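Mind looking over this structure? Questions follow.
The values are calculated or read from the model by the stated rules, or taken from the named source; none is laboratory data. All of these numbers come straight from a predicted model, not from anything done at the bench. When the accessible area is computed, the model is the full protein with side chains, heavy atoms only, and any ligands, DNA or RNA have been set aside. Shrake-Rupley method; radii C 1.70, N 1.55, O 1.52, S 1.80 Å.
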Amino acid sequence: MREQEGGGERRRGREDRPELPPQSPEEQARAICLRLLTGSPRTRRQLADALHKRGIPEEVSQQVLSRYEEVGLIDDAAFAGAWVESRHRGRGLARRALAQELRTKGVHATLVEEALEQLDSDQEEQTARELVERKLRSTRGLERDKRIRRLAGMLARKGYSEGMALRVVRRALETEGEDADDLGYPGE
């Protein structure tokens with residue numbers, strides 16, 4: 001923004017703005033948390049880490065975070081449940097991969113287990129089958145061993161156990177009409 005001043009122009013900068021009183025650490029912590037929570041839900045540990053990086057004293061952080069938990073702005077159990085639902089449906093991640101992601105975000109082990117209870121083994125296997133069905137088309141024309149490696153590897157990267165991955169791949173190849181007898185990892 002430019003202003004006319006005595007025939008000349010000058011830029012209006014920060015020095016022309018009224019001076020705001022410095023914020024207390026509590027006010028800074030609340031502002032940081034609210035800004036972060038506006039974008040997406042966060043765990044208590046994610047917020048604590050953000051406050052620590054910005055130099056907020058530990059006791060102030062804990063006080064603000066505890067208050068936000070009391071009023072429901074921070075809810076690690078709800079976060080974990082929504083994370084499991086979203087990442088399983090959207091990305092097809094298995095329980096093992098989901099548990100690792102939640103632990104990385106600082107969710108307590110008991111809350112991780114409770115969130116993972118919403119996925120049963122049948123649902124997990126169904127998701128694995130759907131993932132293999134989608135990938136199966138792109139592997140047609142490849143050698144059998146290469147198909148097995150790609151399909152089982154894709155499931156392994158999403159956290160599925162080797163046993164489940166091979167069982168699902170075997171069924172998919174049998175359904176497609178490929179001989180899946182003796183199906184194991186290539187080279188066994």
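Which lysines, if any, have their Cα less than 28 Å from the Cα of K53, not counting same-chain residues under 8 positions apart?
K105
Please give the solvent-accessible surface of R91 in Å², to the nearest 10, using a probe radius of 1.4 Å with every protein chain present.
Roll a 1.4 Å probe over it and R91 shows about 120 Å².
Can I ask one more? Give the lysines reachable from K135 as a straight Cα distance under 17 Å; neighbours fewer than 8 places away on the same chain don't count.
By straight Cα distance, K135 reaches K146, K158.
Give a residue-ordered list of calculated ³J(HN,Hα) values for the range 168-175 (Karplus: 6.51 cos²θ - 1.76 cosθ + 1.60, θ = phi - 60°; whole Hz; x for Gly, Pro).
After applying 6.51 cos²θ - 1.76 cosθ + 1.60, I find 5, 5, 4, 4, 5, 5, 5, 4 Hz.
Would you pull out the residues with amide H under 5 Å of L93's amide H, same chain only if 5 or more places away, H placed 1.01 Å from N?
The answer is H88.
Accessible area per residue for the range 53-188 in Å², computed with a 1.4 Å probe and the full protein assembly in place, what is it? It would help to have the intermediate numbers written out before the result.
Details: 7800 Å² over 136 residues.
Here the per-residue accessible area is 57 Å².
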